[in-house]
1. With the requirement that a residue be of a type in the set (D, E, K, R), at pLDDT 95 or above and under 20 Å from V91 (Cα atoms), what does segment 14-60 give you?
2. Name the residues in segment 38-56 that are of a type in the set (A, V, I, L, M) and part of a strand (DSSP E or B), would you?
Amino acid sequence: MDKIDFKDVHSMIGTEMQINGNVTLKGGLIVYGKIYGDVSTEGPMRVATTGTVIGNISASDIHINGRVEGNVTVANRAVLGEKSVLIGDLVYHSLLIEEGAQFEGKCDLSNSKTVLPKEPNLFTSKGPAETY
């Protein structure tokens with residue numbers, strides 16, 4: 001698997017910085033501080049060990065080493081590092097989960113060419129005979 005290319009990342013949220021509100025940008029982003037709001041970027045995103053995002057994330061790629069509480073959607077690769085905590089659903093094209101990563105949610109494989117039909121969840125209170 002190829003590594004996520006962070007060489008053209010020009011935006012950073014420092015360890016002393018906290019943003020309350022949504023963040024939208026075209027380039028990449030590295031988060032060392034805290035964001036309380038949704039993040040949307042066309043570039044790659046990294047949440048460092050000291051970083052926290054409480055909100056949904058949409059990016060081309062993501063590498064999480066810190067804490068994310070929200071749904072994450074990436075067009076390409078998602079990496080959950082060994083110190084990461086992700087509480088939310090994850091939509092990805094390629095996924096790497098390192099030993100030690102904590103993840104609470106569901107994963108969905110995204111493929112722009114093929115959309116797979118979802119099968120009913122047989123473990124819900126709704127019976128298997130019901131459609132979703």
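1. Those that are of a type in the set (D, E, K, R), at pLDDT 95 or above and under 20 Å from V91 (Cα atoms): D38, R46.
2. V39, M45, V47, V53, I54
The values are calculated or read from the model by the stated rules, or taken from the named source; none is laboratory data. Worth saying up front: this structure is predicted, and the values here are computed from it rather than measured.
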